Each structure stands twice: as structure tokens, then as C-alpha cells.
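Each value in this text was obtained by applying a stated rule to the coordinates, not by laboratory testing. Keep in mind that this is a model prediction, so the values were computed, not measured. Please note: Cβ atoms are built from the backbone with ideal geometry, for glycine as well, and neighbour counts cover all protein chains shown.
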Amino acid sequence: MEQLNAWFTELLSDNAIFTANTLGYYLDGLGSTVRLVFLSLIIGLVLAVPLAIARGSRRKWIKWPVFLYTYVFRGTPLLIQLYLIYYGVVFIEGIQDTFLWAILKDAFYPALIAFTLNTAAYTTEIFHGAIKATPRGEIEAARAYGMSRALMMRRIIMPSAFRRALPAYGNEVIFMLHASAIASVVTIMDLTGAARFVYARFYAPFDAFLFVAAIYLCLTFAILYLFRYLEKKLLAHLKPLNG
Amino acid sequence: MKKLLALTLLGVVMTTATAQARDTDEVRLAIDVPYEPFVYRTPAGELEGFEIDLGNELCKRANLDCTWVEQSWDGIIPGLLSRKYDAILSSMAITPERENQVLFSIPYYNTPSVWITRRDRDIDINDKDALEGLSVGVQRGTIRDSYVTQMYGDTLDIHRYSSSQDVANDLMSGRLDLSFEDYPLAVDTFHFKDDDSEFKKIGESIKKPVSIFGKGAAMAFRKRDKELAEKFNQAIRDVYADGTYEKLMKQYFDYDLSLPVGEK
């Protein structure tokens, strides 16, 4: 440990920018980014499953509100949604006196809400597409077994739809990680926030942003490999034999 | 960039070619117009402002015959080096990079920074215990950011914004308790001097330490014109000593941007 420490100190000794102090900012930023992206993806996923089923409903009053929601959130920039939820809501008369203010006061929750609603909208459409692409034969076979709609959804349609959605969803996760870079506009010290801070302090855009780009790259590859692993396990039955 | 370099080089060559002591009392002062209230044009076309008055006063003291030359900011140092004028008096802040190229006089002003809060709040900025856990909004990467990070990093919760308007919004909404802002900018953003403003200034205006806020704005000369610079230094000391500086300052500002000579 001591050796490692000495090595680390020596490594940092002849540069003015990447001191233990600024690396601390980057580390905190990494924590914020991972927390924000992970939470919004989990909540978004949980929301998206029922929404995707509702989106495919035959009843208009169920189908249209969900369509409207995905249409609006996919049709407007995430940055605008974030601005509206962070800066916009404070102009609602009397919001400071309601229980909502405890949540909206901090920058983290408005950002979490914006990211969650955004990713839920995209994920809903991905799942909806996967559900729609279920082969007719599987549904007819399920009917022939006398399954109810709910049972058919649970045992036949959803499992195969999830598998089909996996590659597209992996992309959504990566997009979400990259989209989270805008969190710093509402004062959150995420990775990009840390980079902007270092940039503004040392006027060194290349150092500050290349370093943060490398961290994003590492995160992206981690996600990529996780999904590749999942695809290999879950989509094994789709691969050619001896392939 | 190449052009600029060539111009600078040409300037250097020319100045070396005519290296000789100045032997006239005529001095041309360069200034970038406008920068209210330091310098601006009246509708009649006359130059007016704090720096114009100050410059004229300094020249009077130094027994020099001064004329003003208008020069846009990006060419102001190359112009000095190529002898288009003899000195710059244009709110130029002293920085190490500029010190390599020009000779600075003693600084004659520095704009202060102020603490701002909502009018209905009661915060004592000098009571460090009471500040514990309060949130402050600053513009990211500014000297105000450096100041609160260095002085209040353990006490206050620091939020960094891209623009001061966003700080004002969050101060208004109650997300922030405090802001620390450049005085003239705070007047524009928070309007804290108006009677119906939602904000107020608390505590003293702050210009120190020099390590954060910089040395201030000074006149700039060519490096060899040490004699001329010394004449102006003496004049600056004089206008401070006999109260003329303060009289001029009060004419244009209602806050203190003076840098009493010799104080660090």
C-alpha cells in the first residue's frame, strides 16, 4: 500500500492539474453519475413494463395517454425537460410550502425525475416494439393451451419480448449514460460537472475533458460487456448449433 | 494568429530600432470605449467616465500633455508595443502573462465582490457557526468560486452555475441561501439597490486576498519606459493621498473600488 502510495504521488508530482484534490472531484463526479444513471434506469425499467403493455392495449383510453407521453418525451430534448423540471417548477405559486419542495429543492431529484421519465418513454417504445414482434405462432399455441391473456403475457409474450428487446435496450442504457452529461447544468457535480470545474479552474480544456472522456469510455465498455454477456446467456437458443 | 505574431514581431523590431529615451511631454493614452461607467461617449461625442477623469488628473499631476487614443481590446497590447500610443489606461487587470509583455503601474482599482441574500433572510456572514450547512451559489470557475471554495469549502454547501441569472432564480426559489457575486454584476442581476428588490447585500464588500482576487487594474507601459511609469505611479499615490481619487470615485460609483497604496 505504501509503495502504491509513493508510486501514485510520484506519478502526480509533475503536473499541476491532476492533483489528489481534482481527482477527488472526478471521483465524486463518478459517484454522482453512476447513482443518477443507475437509479433512473431501474425506475424507468419498472415503469416501462406496464406502460409498454398499456401502449399495446386495444382500449383507446389506455393506449392514447401512453402514446401521448412517449411522444412528448421522445419528441423534446432531455435538456429542455431538465430545465422545465428544475427551473420551471419553482415558478408554480406556493410550491415551496408543499411537501413536494423537500424533493424538488435538491438538484438531484429533479434530475432523477427528468432522466427517469425520459428513459421510461424510450424503454416503453422498445418493449412495445418487441411485444408487437412476437411470432403469431407462439400466441396461437398459447391460446390453444387455453391460457388467459394475463397468463399468456406472463409466460409467453414477456419473456420472449424481453430477449428480443435486449440489444436495443443496451443501446438505451449507453445513451442514458451519455445523456447524463447534462446534469451539470443544474449544479450537480457529476463527471462532466467535475470536468467543467477543472476546465474553468485551470483553463485546460484538453486535459479536463479528455480525462473525463476516458472515464465515460470505460463505463460504456463495462455496460457493453455486461449486455454482451446477457445476450450470450439469454439468446443462446437463437444461435446456430456449433456456431 | 500568424498575423498577430507577425505584427507583434514587427512591433518589437520597430521599438528596438528606435530605442531612445522619450524626450517630449506628450503622452498618448489608449482606451477601449465603451465600458461604463469607466469610459463612454456622451451624445455630443465627448469621452467621459471615471478612467477619463482619472487619467486627465494623473497627467495634470505629472505635468504631461495627454491625448486619448481609442483602441479595441484585442489589439491594445500590440498597439502599445508598436508605439501607436505610449500607455494603456483601460481597466487592464494585472496578470503574469501580461507582465511578460508590458510594464504595469501600481494598480488603481479593483472591483469588489459582495454577499447577496434574499431580503427576508437574516444571515450574519461573519458568524461561521451560523453559516454551517447553508448553500451558496456562484458562477463556475470565477474568482468568486475560488474564494468560497477556499474560505468556506468546509462550511457552506457550494452550488456552481453557468450564469448568474440561474443563481438569482435559485436564490429566489429558496434553493440557495446565499450568493457571492462581482459587485457591478450583482447590481445588474439582483438589483439589490432598488427599494422593491427581492435581494439585499450583506456584510462588507470583499477585494482580498490578492492571491484570489488579483492585483487589480493598472496602467500599462512599454517595458523600457520606466521613467514614464514612475511619473504615473507618483501621480497615483498623490491622488490617493489628497483625496482626489475618492472624490472622483464617488462621482461615478456608490461602492469602494479603491486600492489604497501600499496595502496588500
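Here is how the numbers come out for the structure above:
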quantity	calculated
Helix-only [θ]222 nm of chain B, DSSP H runs n ≥ 4, -39500 (n - 2.57) each, per residue, nearest 500	-10500 deg cm²/dmol
Helix-only mean residue ellipticity at 222 nm for chain A, each DSSP H run of n ≥ 4 adding -39500 (n - 2.57), per residue, nearest 500	-24000 deg cm²/dmol
Length gained when the stretch A:Thr220-A:Leu84 is fully extended (0.36 nm per residue, less Cα-Cα span)	46.1 nm
Amide hydrogen neighbours beyond the local backbone of B:Tyr35, cut-off 5 Å, H modeled	B:Tyr40
Residues A:Ile215, A:Ile182 arranged by fewest to most Cβ contacts within 10 Å	A:Ile215, A:Ile182
J(HN,Hα) series, the stretch B:28-36, from Karplus relation 6.51 cos²θ - 1.76 cosθ + 1.60, nearest Hz, glycine and proline x	9, 9, 9, 8, 9, 9, x, 8, 5
Length added when fully stretched, A:His237-A:Thr19, from 0.36 nm per residue minus Cα-Cα	73.4 nm
Too-long pairs where the Cα-Cα distance tops 26 Å, listed order kept, from B:Lys84/B:Lys207; B:Lys226/B:Lys250; B:Lys201/B:Lys247	B:Lys84/B:Lys207; B:Lys226/B:Lys250
Set of aspartates and glutamates near A:Lys63 by C-alpha distance (under 14 Å), chain-local residues within fewer than 8 positions excluded	A:Glu125
Qualifying aspartates and glutamates (Cα of each under 15 Å from Cα of A:Lys239; at least 8 residues distant if same chain)	A:Glu231
FRET efficiency, 1/(1 + (r/R0)^6) with R0 25 Å, evaluated for B:Arg121 and B:Ile143 via beta carbons	0.55
Those lysines that a straight Cα-Cα span of less than 20 Å connects to B:Lys200, excepting residues fewer than 8 apart in one chain	B:Lys128
For B:Asp157, residues with placed amide H under 5 Å, excluding near neighbours	B:Gly133, B:Leu134, B:Ser135, B:Val136
Inter-label distance for B:Asp129 and B:Gln150, nm, one decimal - labels placed 7 Å from Cα along Cα-to-Cβ	2.8
Approximate spin-label separation A:Ser160-A:Thr76, in nm, with each point projected 7 Å along Cα-to-Cβ	3.8
A:Phe91, A:Phe67, A:Phe99, B:Phe199 arranged by Cβ crowding within 10 Å, fewest neighbours leading	A:Phe99, A:Phe91, A:Phe67, B:Phe199
Label-to-label distance, nm, for residues given as A:Leu230 and B:Tyr35 (7 Å Cα→Cβ offset)	5.6
GNM result for chain A, Cα springs below 10 Å: residue of A:Gly88, A:Gly29, A:Gly170 fluctuating most strongly	A:Gly88
